[in-house]
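Just so it is clear, none of the values below were taken in a lab; they were calculated from the coordinates. Only a predicted model underlies this, so the values are computations on that prediction, with no experimental measurement involved. Cβ: placed from backbone, ideal geometry, glycine included. Neighbour counts: every protein chain shown.
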Amino acid sequence: MIAVAETVAAWPGAVTLLPAMPAWGLAVMVVGGLWLCLWRRPWRLWESAGIAVGLFSILLVRPPDILIDGAGRLLAVRTEDGLLAVSSRRAARFNREVWLRRAGQEETPPLWPQDGDGGQRMSCDSLGCIYRAKGHVVGLVRRAEALIEDCWSVDVVVSVVPVRAPCPSALTVIDRFDLWREGGHAVWMEEGGRVRVESVNESRGERPWVLRRK
C-alpha cells in the first residue's frame, strides 16, 4: 500500500491547489460520499450528481479583492489576472501561506511594486499605494503622511497606521485601530459603489473565547 501511495503521489498532477469551496459545497460532497458508501442499491449512484454540484461550488466563490492581516504587517490585493499580490514575502508568513492555499495559488506570489506603476490596478510610492478595482479607488496607506492626500481623493482607505482625523472622500475606512479590535479584514469591491467588509471577529461571532477590545 505504501508503494502504491508513493507511486501515485509521484504522478504529474497528483497534487494540485484549488480555491477553497463554500461550506455548503463541502457539506454536499460529504453527504454524497456517505450516501455512496452506506447504500448498496443502484440508486446510490444518483448522489454522484450531488458530488458534482459540490465541486462546481468552487466556481461560485468570489475571493476578496483586499486582505489585511490583524497586525497590519501583511496586505494582499487581487491583480488583473486574478492572482494575489502581497506587500511582503517575509512578514506574516503563516497568514500568507493560508491566503495562498485558500486562493489555490502557488507559494511564490507576485510582490507589490515598490515605487511606480504596477499595472492598471496599482501604483505605489514610499508612503503607500493606490489600488483600483470595480470602479473603486483604494488608498493602501503605509505611513501617516499619505493620509493627507488620500483622505481627499479615494473612496476606501486601508491604513496600517491609525487614522486620527475624518476622511471626507472615503466611505469605508479600515485602520490600525480596526485591525487591533477586529483582527484581520477581507474587502470585496462591488459594482454600483458598494464595498463589503468582513473581519475575523465578525466571522467568529459572539463567543466567550473571542477577544473583544474596546
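Numbers below:
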quantity	calculated
For the stretch 163-197 and the stretch 57-77, distance of Cα centres in Å	14 Å
About the Cα centre, charge dipole magnitude for the chain (Lys/Arg +1, Asp/Glu -1 at Cβ), debye	840 debye
With eigenvalues of the C-alpha gyration tensor scaled by 5 and rooted, the stretch 38-183, Å	37, 16, 15
Cys residues of the chain counted as unpaired, since no other Cys beta-carbon is under 4.7 Å	Cys37
D_trans [Stokes-Einstein, Kirkwood Rh over alpha-carbon pairs] for the stretch 2-60, 25 °C, 0.890 mPa s, µm² s⁻¹	186 µm²/s
Theoretical gain in end-to-end length, Thr7 to Ala49 [0.36 nm per residue, Cα-Cα removed]	12.1 nm
Cβ-derived FRET efficiency at R0 30 Å, Glu149 paired with Trp180, nearest 0.05	0.75
Positive minus negative residues near Gly128 (Lys, Arg vs Asp, Glu; Cβ under 12 Å)	-3
Where labels lie 7 Å past Cα in the beta-carbon direction, separation of Val98 and Arg164 in nm	3.1 nm
Structure-based [θ]222 nm, the chain - -39500 (n - 2.57) summed over DSSP H runs of at least 4, per residue, nearest 500	-8000 deg cm²/dmol
Candidates Arg73, Arg44, Arg93, ranked by Gaussian network fluctuation over the chain, Cα under 10 Å, top entry	Arg44
GluC sites (Glu not before Pro) within the stretch 33-128, DSSP loop, no more than 12 other Cβ atoms inside 10 Å	Glu80, Glu106, Glu107
Highest-fluctuation residue, Arg90, Arg132, Arg142 considered, GNM on the chain with Cα pairs under 10 Å	Arg90
Contour minus Cα-Cα distance for Ser88 and Leu36 (0.36 nm per residue)	14.2 nm
Burial order of peptide ranges 24-31, 54-61, 190-197 (average beta-carbon count within 10 Å, highest first)	24-31, 54-61, 190-197
Antiparallel bridge percentage (DSSP; both residues within the stretch 154-200; nearest 5)	60 percent
Potential lengthening between Gln114 and Leu60 on full extension [0.36 nm per residue; Cα-Cα distance subtracted]	16.1 nm
In the stretch 73-176, chymotrypsin sites (Phe, Trp or Tyr not before Pro) in a DSSP loop with at most 15 other beta-carbon atoms within 10 Å	Trp152
